[in-house]
Amino acid sequence: MSYEERLQHVSILGAAGKMGSGILLLTAMEMADISLKPENKGKPYVLNAIDVSDEALAGVIKYLKAQVLKLAEKKVVGLRKVYAGHAGLIDNDEIINQYVFDVISLVRTTTRLESAYDSFMIFEAIKEDPALKISLFSKIASNNPHQPWFFTNTSSIPITKLDEGAALKGCIIGFHFYNPPAIQKLVEIIKAEQTLPEVEEFARTYAKNLRKVIVPSHDVAGFIGNGHFMRDILYANSAVDKLSPEFSYTEAVYAMNKITQDYLVRPMGIFQLIDYVGVDVCSFILSVMDHHLKEEKLHSPLLDKLLSQGVKGGQFSDGSQKDGILKYEKGRPVAIYDPGTKTYVAISELQSKVDQKLGTMPIPPPWKVVVGSKAKNELLRDYFSQLKNEASLGAALAKAYVLNSHAIGQQLVSSGVAMNENDVNTVLLTGFFHAYGPINNYLA
Ligand SMILES: NC(=O)c1ccc[n+]([C@@H]2O[C@H](COP(=O)([O-])OP(=O)(O)OC[C@H]3O[C@@H](n4cnc5c(N)ncnc54)[C@H](O)[C@@H]3O)[C@@H](O)[C@H]2O)c1
């Protein structure tokens, strides 16, 4: 079965979710582009959007229409060629509306898993629950006569465990989109021990057609991206603990969030990033990694405590940030949650005291300036050489954090999760928008 034939009947599991809706959008457009080729005229194309909630699925179609409209406007020159000769499609608006119609017509929303029994390809983005994923895969595999291929978006579960658990005989691969899938360029591709070469080849073609940056990761829980992120979180937690008793808990969180954003020149501080991803999601990924990587202790009592008090973070459906470890106003952190008193403490109340304790710091170039600059390397080299020579507490904390991030990166290579240092750096640069990869010589 060719690439194009396989994309004739596809199902997305969890299609109304954060990741599923984005994967649905990208796949619907890829399928529409194939179906509109003259040689494919008249062939049926079906894309099942499967989720447990009808209500959520209704929202997905609205989302899809709005997004396809936006993306179609960007590719109108190509679409003019596709629709050349179609009577009645003259101006750009008519062509765009026809394309939106053609994309949406492929999609069938449904709560019935049985719809996937006819598909050749299954993209899965349900919640990070190994037992649930295995159970859905088994049901589909044993009822679908076409021996479908499974592309799982799992953030952390070893693909081999899913393959073995559902007896898929290698018809599975990890295809780890980053959030949001339509915008983020990075995809980690993870082969299970038995993944068939043709499944991998399809994954690479599909990623290339979606114009993604591919980084292969070995099949180790957490892969490269979360392998780094989760260990970074645990390091931040331990740094908060070590700052006690000189710093109160909220002061220490403020200090480490500021250090990891401003003094590490990152797009957001580590605690803001945990809120962005969701305290619950991070905690769950950690628990999966902890389960599979027995030689390491990958557990955060702090995240557990926050979760037990209902502090979750995550995002509203319009993409705005929910309160979590930090409280937000217009997207900016204004207060820090104190699990001791179960209230938020305003940053303005502790800021100047903590800044004073952190001491003198070189002025870091803002992340936005660095990532947009042609002289990025020089800016970073200059800043880090100043940081290196600074002896304040803040500088010591920042340097130790950079070195720990470097060590995590190297561990990912030496333990065989990443093929090489460049892949680790690409994941952090592309998937996390860091201004520099963790494996660097800035503090050497
Ligand atoms: N959110 C992220 O930043 C992110 C990034 C990369 C990968 N992932 C991974 O992607 C997957 C989905 O994460 P998400 O953040 O989109 O979660 P989500 O909770 O937003 O979406 C999950 C969707 O699955 C649906 N669902 C639950 N049970 C189902 C079932 N039995 N059948 C069909 N649909 C079902 C839910 O209704 C929901 O719409 C997880 O494996 C996660 O680890 C998430």
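Annotation: lysines with alpha-carbon distance below 20 angstrom to Lys191 (same-chain offsets under eight excluded): Lys133, Lys161, Lys169, Lys208, Lys212. Of Val199, Val103, Val371, the sequence from fewest to most neighbouring Cβ atoms within 10 angstrom is Val371, Val199, Val103. Using only Cα atoms, find the angle between the long axis of helix 197-209 and the longest principal axis of the chain, and express it within 0 to 90 degrees, rounded to the nearest 10. That helix lies at roughly 80 degrees to the long axis. The length gained by stretching the chain between Asn143 and Arg108 to full extension, at 0.36 nm per residue less their Cα-Cα distance, is 10.6 nm. Put in order of Cβ neighbour count within 10 Å, fewest first, the listed residues Glu421, Glu378 become Glu378, Glu421.
When Glu296, Glu55 are sorted by how many other C-beta atoms sit within 10 angstrom of their C-beta, beginning with the fewest, the order is Glu55, Glu296. Taking every DSSP helix (H) stretch of at least 4 residues in the chain, weighting each as -39,500 (n - 2.57) and dividing the sum by the residue count yields a mean residue ellipticity at 222 nm of -15000 deg cm²/dmol.
A straight Cα-to-Cα reach below 19 Å connects Lys242 with the lysines Lys258, Lys297, Lys305, Lys353, Lys357, Lys399, residues fewer than 8 places away in its own chain not being considered. Principal-axis analysis of the Cα atoms of the chain puts helix 347-358 at an angle of about 60° to the longest axis.
Between Ala87 and Glu73, the simple spin-label model (points 7 angstrom out along Cα→Cβ) gives 3.1 nm. Its residue count N sets the reference 2.2 N^0.38 Å, and the alpha-carbon radius of gyration of region 357-411 equals 1.21 times that reference. Using Cβ point charges alone (K and R +1, D and E -1), the dipole size of the chain about the Cα centre works out to roughly 720 debye.
Magnitude of the charge dipole for region 32-183, about its Cα centre and with charges confined to Cβ atoms of Lys, Arg (+1) and Asp, Glu (-1), is about 280 debye. Taking θ as phi - 60° and the Karplus parameters 6.51, -1.76 and 1.60, the scalar couplings of region 132-143 work out to 5, 4, 4, 5, 5, 4, 4, 4, 5, 4, 7, 10 Hz in sequence order, x denoting glycine and proline.
Extension gain, His218 to Ser415, is 69.9 nm, computed as 0.36 nm per intervening residue step minus the present C-alpha separation. Rounded to the nearest 20 debye, the dipole size of region 120-170 about its Cα centre is 80 debye, using +1 on the Cβ of Lys and Arg and -1 on the Cβ of Asp and Glu. Along region 125-130 the Karplus relation, 6.51 cos²θ - 1.76 cosθ + 1.60 evaluated at θ = phi - 60°, assigns HN-Hα couplings of 9, 7, 5, 6, 10, x Hz to successive residues, with x for each Gly and Pro.
Computed on region 3-217, with alpha-carbon pairs under 8 angstrom and 6+ residues apart, the relative contact order is 21 percent.
The HN-Hα couplings worked out from phi for region 389-404 by the Karplus form 6.51 cos²θ - 1.76 cosθ + 1.60 (θ = phi - 60°) are 8, 8, 10, 5, 4, x, 5, 5, 5, 5, 4, 4, 5, 4, 5, 5 Hz, whole numbers, x standing for Gly and Pro.
Between Arg211 and Phe433, the modelled label-to-label distance comes to 1.8 nm, taking each label 7 Å out from Cα in the direction of the beta carbon.
Taken together, the values in this text are just the output of simple stated rules run on the coordinates, not laboratory data. Since we're looking at a predicted model, the values are computed, not measured. As a convention, Cβ positions derive from the backbone with ideal geometry for all residues, glycine included, and neighbour counts pool all protein chains shown.
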